[in-house]
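Chemist: What follows is a single structure, and I will ask about it in a moment.
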Amino acid sequence: MVFRFITSFYFNFTAKQFIKSYYILSIKGLSLSNKNNQLFFFKQALQTLLFTSMIVGSFFMVTASATQLIITDNLVLRDIDDKAIEQGFFSKKQSISLSQGDHTLVLKYKDVFEDLDMGEESLVKSDYFVVKFVVQEQQALMLSTSKIQDLAAAERFAKNPELILLDEDKQEIILVLEKLSDYELAKQITQVVTTLSAPIDNAQSHSEVTSVTKKEQTFSKDVINQVDAMPMLKYWWKKASSEEKANFLQFINKKN
């Protein structure tokens with residue numbers, strides 16, 4: 001669709017400029033039979049052709065730098081890189097343009113299957129979960145679920161989602177799935193750590209510093225009091241080095 005539009009624009013614009021150049025010659029009472037007039041006409045036409053080629057080339061360079069991600073209909077996208085999307089717009093399009101780099105999607109599985117025992121259709125959906133992957137130089141990507149044939153398979157999938165990400169050559173791209181709660185916890189922890197480790201601006205007044213510090217402490221305590229310790233332990237265990245893990249195990253053994 002886009003290629004057809006650009007191609008049509010390219011030829012229409014070029015044709016109009018040819019006509020314009022010819023019109024300029026005609027109103028001046030000049031004839032194309034004259035070699036000088038022919039040179040003027042084709043010089044104008046060449047300039048027009050080069051100009052439009054530069055415009056079209058620039059457009060395709062910009063378009064080529066973006067990767068088109070297509071998501072299957074049984075996946076409902078909520079966020080892209082921590083930004084909410086308009087559900088109405090995306091439901092019609094089911095594709096997005098992504099730049100090169102790391103990307104995070106929040107989505108859920110949702111589909112309808114026939115319940116043979118009940119003789120009616122049954123809606124199956126998962127909780128929202130997080131998908132992380134890296135876009136490199138791929139031109140197109142397809143995000144889909146593993147093959148789901150019946151209601152029982154759909155219900156199993158909803159409890160433990162598995163997605164497949166393929167490029168335009170059908171090569172599988174590495175992706176990471178996380179629980180939404182773990183992802184949001186990690187963001188909260190990062191915010192707490194960033195807040196507590198942020199340097200104090202010496203130009204701020206003592207009252208301003210005191211006020212900001214109290215707010216930061218209140219925020220940090222609220223977050224720490226609300227989060228579950230087990231996910232936090234798992235999170236920091238994954239982040240720890242082998243040496244840090246060994247030291248922690250020694251600490252646990254001493255406590256026991």
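Values in this text are rule-based calculations from the coordinates and carry no lab data. None of the values given here were measured: they were computed from a predicted structure. Ideal geometry is used to build each Cβ from the backbone, glycine not excepted, and the neighbour counts take in all protein chains shown.
Chemist: Tell me the net charge near LEU177. Cut-off is 9 Å between Cβ atoms, LEU177 excluded, with +1 for each Lys or Arg and -1 for each Asp or Glu. Don't skip to the end; give the middle numbers.
Modeler: Details: positive: LYS132, LYS179; negative: GLU162, GLU178.
Combined, the nearby Lys, Arg, Asp and Glu give 0.
Chemist: Return the distance in nm (one decimal) between the two label points of a simple spin-label model at GLN68 and ARG156, each offset 7 Å from Cα along Cα→Cβ.
Modeler: Spacing of the two 7 Å Cα→Cβ label points: 3.5 nm.
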